[in-house]
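Visitor: Submitted below is the structure of interest, expressed as structure tokens.
The values are calculated or read from the model by the stated rules, or taken from the named source; none is laboratory data. Source: prediction; values computed, not measured. Don't worry about glycine lacking a Cβ; one is built from the backbone with ideal geometry, like all the others, and counts go over all protein chains shown. With ligands, DNA and RNA removed, areas are computed over all heavy atoms of the protein, side chains included. Shrake-Rupley method; radii C 1.70, N 1.55, O 1.52, S 1.80 Å.
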Amino acid sequence: MEYFVQQLVNGLTLGSIYGLVAIGYTMVYGIIGMINFAHGDIFMLGGFAGLIVFLVLTSMFAGLPVAVLLLAMLVVAMLMTSLWNWTIERVAYRPLRGSFRLAPLITAIGMSITLSNFIQVTQGPRNKPIPPLVSTVYNVAGISVSLKQIVIIIITAVLLTLFWYLVNHTSLGRAQRATEQDRKMAALLGVNVDQTISVTFIMGAALAAVAGTMYLMYYGVVNFNDGFVPGVKAFTAAVLGGIGSLPGAVLGGLMIGLIESLWSAYFTIAYKDVATFAILAFVLIFKPTGILGRPEVEKV
């Protein structure tokens, strides 16, 4: 029983990281109906931004408190990835907004390859490790729970609550929901649609940066190719939970993390990805909109 609960804790931690990235996918899809396949690489950029801040601060200020160091890594990573995503939206996606549906999709794939290769050239192809930031481990009834796992789960819960409030109870959230329902009508009613979409991209990038920094803290290593597999799994989480739903994105992320953790614990680890996508297919057969997704209303 202790082993099972241990895997639940591990799965919730990994799922929290997937959930943060999945929120960015679902927000962008909800507002403009586009899958931003470069979002996984924004997550990877957040990890590298955190790594660079860590290396700079530890070389300049020895003995800096871990809390201050982690906060600086998060803030700089959020600023850097927000700037990157804003630029991508402004340069690559906005000019194609009125084009046929495949054009933004192809552009997103191109941006993903560009970002990945840019990091490979500038930072090198090898893994970039850091020493453990948080090494405290608590043993509760035979179950080991590390402090970094607690931090990741708490940060995910706080950010989900914050963004849920932002979307449902602020003027920005009303503008986002109006733009999601009908961009032309929202513009006629005074909503700055372009600005609202840009802010949505910035918000998604900030969450991906937090996830990337948490990933770096949890695993202690980052690589230029880390945007692909976690990005695909986060997109899978968004679809599983119901793309367009913020709670659904987090629920899907937690489910993906639990499936991976439990499958790796009790079956061969080589097939954990097969199990994840098989369960996704099974869910979509019976609920095509995802677990918390809503049927799309056809506008006439």
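Visitor: Examine segment 46-69 for a residue that is touching a residue at least 40 places away in the same chain (Cβ under 8 Å), open to solvent by less than 40 Å² (accessible area, probe 1.4 Å) and within 30 Å of Val140 (Cα to Cα), and state whether such a residue exists.
Guide: yes
Visitor: Are there any pairs, at least 6 apart or on different chains, whose C-beta atoms fall under 9 Å, with the first in segment 188-216 and modelled with pLDDT of 95 or more and the second among the acidic types (Asp, Glu) and open to solvent by less than 40 Å² (accessible area, probe 1.4 Å), and if so, which?
Guide: Note: no pairs meet the criteria.
Visitor: Have a look at Thr276, Thr268 and point out the one that is surrounded by 17 or more Cβ atoms within 10 Å (Cβ to Cβ) and β-branched (Val, Ile, Thr). It would help to see each step written out before you state the result.
Guide: Details: Thr268 fails: surrounded by 17 or more Cβ atoms within 10 Å (Cβ to Cβ).
Only one candidate passes the filter, namely Thr276.
Residue-by-condition table, conditions (1) open to solvent by less than 50 Å² (accessible area, probe 1.4 Å); (2) within 24 Å of Tyr25 (Cα to Cα); (3) of a type in the set (Lys, Arg):
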{"residue": "Gly124", "(1), (2), (3)": "yes, no, no"}
{"residue": "Pro129", "(1), (2), (3)": "no, no, no"}
{"residue": "Tyr138", "(1), (2), (3)": "no, no, no"}
{"residue": "Ile143", "(1), (2), (3)": "yes, no, no"}
{"residue": "Thr161", "(1), (2), (3)": "no, yes, no"}
{"residue": "Gln181", "(1), (2), (3)": "no, yes, no"}
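Visitor: Exactly one condition in (1) without any contact (Cβ under 8 Å) to a residue 24 or more places away in the chain; (2) among the polar types (S, T, N, Q); (3) outside any helix (DSSP H, G or I) is not met by Thr87; state its number.
Guide: (3)
Visitor: Could we say that Ile113 is part of a helix (DSSP H, G or I), open to solvent by 80 Å² or more (accessible area, probe 1.4 Å) and within 20 Å of Gly231 (Cα to Cα) here? Even if it seems obvious, please write down each step before you answer.
Guide: On the way: part of a helix (DSSP H, G or I): yes; open to solvent by 80 Å² or more (accessible area, probe 1.4 Å): yes; within 20 Å of Gly231 (Cα to Cα): yes.
So Ile113 fits the description; yes.
Visitor: I would also like to ask the following. So which residues in segment 147-173 are under 22 Å from Val250 (Cβ atoms) and more than 22 Å from the chain's Cα centre (by Cα)? Full working, then the answer.
Guide: Residues of segment 147-173 that are under 22 Å from Val250 (Cβ atoms), as a first pass: 147-170, 172-173.
His169, Thr170 - these are the residues of segment 147-173 that are under 22 Å from Val250 (Cβ atoms) and more than 22 Å from the chain's Cα centre (by Cα).
Visitor: All but one of (1) open to solvent by 60 Å² or more (accessible area, probe 1.4 Å); (2) part of a loop (DSSP other than H, G, I, E, B) hold for Phe282; which doesn't?
Guide: The number of the failed condition is (2).
Visitor: Only one of Ser82, Ser116, Ser112, Ser99 is at pLDDT below 90 and either touching a Pro at 6+ places or on another chain (Cβ under 7 Å) or of a type in the set (Gly, Ala, Ser) (or both); which? Before the answer, list the steps.
Guide: On the way: Ser82 fails: at pLDDT below 90; Ser116 fails: at pLDDT below 90; Ser112 fails: at pLDDT below 90.
Step by step, each of Ser82, Ser116, Ser112, Ser99 is checked, and only Ser99 is at pLDDT below 90 and either touching a Pro at 6+ places or on another chain (Cβ under 7 Å) or of a type in the set (Gly, Ala, Ser) (or both).
Visitor: Here's a follow-up. I'd like the residue in segment 20-44 that is assigned to a loop (DSSP other than H, G, I, E, B) and under 12 Å from Ser116 (Cβ atoms) and, out of all such residues, is most open to solvent (accessible area, probe 1.4 Å). Spell out the reasoning first.
Guide: Step one: filter segment 20-44 for residues assigned to a loop (DSSP other than H, G, I, E, B), giving 33-38.
If we keep only those that are under 12 Å from Ser116 (Cβ atoms) too, we end up with 37-38.
Details: Phe37: 72, Ala38: 0 Å².
Among those that are assigned to a loop (DSSP other than H, G, I, E, B) and under 12 Å from Ser116 (Cβ atoms), it is Phe37.
Visitor: Kindly evaluate Val232 against the criterion of being modelled with pLDDT of 90 or more, of a type in the set (Val, Ile, Thr), surrounded by fewer than 17 Cβ atoms within 10 Å (Cβ to Cβ) and closer than 27 Å to Gln6 by Cβ. Steps first, please.
Guide: On the way: modelled with pLDDT of 90 or more: no; of a type in the set (Val, Ile, Thr): yes; surrounded by fewer than 17 Cβ atoms within 10 Å (Cβ to Cβ): yes; closer than 27 Å to Gln6 by Cβ: yes.
Criteria not met by Val232.
Visitor: Without any contact (Cβ under 8 Å) to a residue 12 or more places away in the chain and within 18 Å of Ala22 (Cβ to Cβ): does that describe Ala281?
Guide: Working: without any contact (Cβ under 8 Å) to a residue 12 or more places away in the chain: yes; within 18 Å of Ala22 (Cβ to Cβ): yes.
Criteria met by Ala281.
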